[in-house]
Amino acid sequence: MEARLNVFTNPVTAKFGKHLVAASRVLAESTLPLATQELVKLRASQINGCGFCVDMHTKDATHAGETLTRLSLVAAWREATVFTDAERAALELAEQGTRVADAAGGVTDEAWANAAKYYDEDQLAALVCTIALINAFNRGNLIVRQPAGDYRPGLHA
């Protein structure tokens, strides 16, 4: 499979991508745990069917020390015993924030209140931005059919 457009060499997409990467650096410097950020990115990417981002965030999380067991169970997090209550709240928020069209009201008050039990305002802000940013990356990659499988940790940092 070959991408419809080379987003790394096209001047418009490369410049846009640099801004998205800069935004991701802001989030990496936030107090939202990096493990939570990777789990959220992985789950949203699974929902959206973005193979490039599933590959990237699985490998980045593994490189950062995440276990294969937890990564394998992200798609079935509700039935898994390996996630904390805080991570579960973040994954629920990520799912609802990603499936906006499927949920007539968007993110429920219950999901927001549950996340707010575990994260302070700055962490909630970082969580919202992480969900929005990964969805933007997913959509761009899906539109151009960015192939998956060749990512190496740190390749696009």
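The values are calculated or read from the model by the stated rules, or taken from the named source; none is laboratory data. This one's a predicted model, so the numbers in the text were calculated from it and none came from an experiment. As a convention, Cβ positions derive from the backbone with ideal geometry for all residues, glycine included, and neighbour counts pool all protein chains shown.
At a glance:
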| item | result |
| --- | --- |
| In segment 39-55, residue nearest to the chain's Cα centre (by Cα) [restricted to those that are crowded, with 23+ Cβ neighbours inside 10 Å and of a type outside the set (A, V, I, L, M, F, W, C)] | LYS41 |
| Residue check for THR69: among the polar types (S, T, N, Q), exposed (fewer than 12 other Cβ atoms within 10 Å of the Cβ) and either touching a His at 6+ places or on another chain (Cβ under 9 Å) or on the phi < 0 side of the Ramachandran plot (or both) | yes |
| Members of segment 68-109 that are in a loop (DSSP other than H, G, I, E, B) and either modelled with pLDDT of 95 or more or of a type in the set (Gly, Ala, Ser) (or both) | ALA80, THR81, VAL82, PHE83, THR84, ALA101, ALA103, ALA104, GLY105, GLY106 |
| Filter result for THR36 (outside any loop (DSSP other than H, G, I, E, B), of a type outside the set (A, V, I, L, M) and at pLDDT 95 or above) | yes |
| Which listed residue is farther than 14 Å from VAL128 by Cα, surrounded by 11 or more Cβ atoms within 10 Å (Cβ to Cβ) and out of contact with any Lys or Arg (no Cβ under 7 Å at 6 or more places or on another chain), from ALA28, ALA14, ALA22 | ALA14 |
| Scope segment 126-157; condition outside any loop (DSSP other than H, G, I, E, B), touching a residue at least 40 places away in the same chain (Cβ under 8 Å) and under 14 Å from VAL26 (Cα atoms); matching residues | ALA126, LEU127, CYS129, THR130, ILE131, LEU133, ILE134 |
